[in-house]
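The values are calculated or read from the model by the stated rules, or taken from the named source; none is laboratory data. Remember, predicted model here, so these are calculated numbers, not experimental data. Don't worry about glycine lacking a Cβ; one is built from the backbone with ideal geometry, like all the others, and counts go over all protein chains shown. Side chains included, ligands, DNA and RNA excluded: accessible areas come from the protein's heavy atoms. Shrake-Rupley method; radii C 1.70, N 1.55, O 1.52, S 1.80 Å.
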Amino acid sequence: MSAPAGTRAAAPGYAVVVPSIGRPSLDRLLETLVAQRDDTDAPPPAEVVVADDRRLPPPGSADPAPEPLDLGDAGRALCARVVRTGGRGPAAARNAGWRSTSAPWVVFLDDDVELPAGWARRLAHDLAAAAPRTGGVQGRLHVPLPAHRRPTDWERGTAGLERAAWATADMAYRRAALERVDGFDERFPRAYREDADLALRVRDAGWDLVRGARTTTHPVRPADDAVSLRVQAGTRDDATFRALHGPRWRERAETGRGRLAWHVAT
């Protein structure tokens, strides 16, 4: 879908915030963000902030602290800057990122997505079309899967993002909505449920959430055979989510039915 004429003048300003632990995929994301400049109808971001959430050594440790992330030529082309959050998790990293910006919209991207040509133009259209009570506009996600074999459990799990509601792999929030609910709840320490929790609180505060026209590519990042076991640690956050949002939290958060019954049977 192409944006109508005049989108650039009508689109509100936006900042891009990316939490990262220094994965190589960050370089590719920044390269695809720079490439959006080839579209002369696409307004550039007012600010780009990478929240460096790598763990810092404990006080008094002899281990040196990691140097701040080097964003390379892509970062310099974007005038991107780094804020450091010291391993407190993606919710805290996103909070530090958006609170350091001033644009009326904040676009959260994961550091392992890639932006196809035309993404910025479609984003501008999404934001310009947002009604006054629209608090957030979700991007559509595309997860490429291998065509020559059956996908692994990890690949199928990543592909589930295509159906996920309000995933912050590409999610734009109005600053006023973030300020109203005080951003992400940092009691969610992993990349699990923190985005759904924010969406519910934004809705409860009277804002609407809609799906936009833009599409973002989310490749399946490399992982070892034990990754499916490690990601199960995130399910402990379901208890926190239920305590905060009640027994019908799955219905309200549009997460789909859980597989607890199958796990018990197994």
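Below is a table of values for the structure above.
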item	result
Nearest-20 debye value, the chain charge dipole, Cβ charges on Lys, Arg, Asp, Glu	800 debye
Inter-label distance for ALA165 and ALA46, nm, one decimal - labels placed 7 Å from Cα along Cα-to-Cβ	3.0 nm
Extension gain (nm, one decimal) between ARG248 and ALA103, 0.36 nm per residue minus Cα-Cα	48.7 nm
More than 16 angstrom apart: percent of Cα pairs within the stretch 116-230	65 percent
Of all DSSP beta bridges in the chain, antiparallel share, percent nearest 5	30 percent
Within the stretch 107-139, trypsin sites (Lys or Arg not before Pro) in DSSP loop having at most 15 other beta-carbon neighbours inside 10 Å	ARG133
Three semi-axes of the equivalent ellipsoid, the stretch 22-106, Cα gyration tensor, whole Å, largest first	27, 15, 9
Top positive-direction residue, dipole computed over the chain with Cβ charges, set LEU33, VAL137, GLY75	VAL137
Dipole in debye (nearest 20) - the stretch 29-100, about Cα centre, beta carbon charges: Lys, Arg +1; Asp, Glu -1	460 debye
Linear extension gain, ASP27 paired with ASP224, 0.36 nm per residue minus alpha-carbon span	68.8 nm
Euclidean distance of C-alpha centroids, the stretch 170-190 and the stretch 78-139, integer Å	11 Å
Whole-percent carbon and sulfur share, accessible surface of the stretch 1-150, 1.4 Å	54 percent
Dipole in debye (nearest 20) - the stretch 108-219, about Cα centre, beta carbon charges: Lys, Arg +1; Asp, Glu -1	440 debye
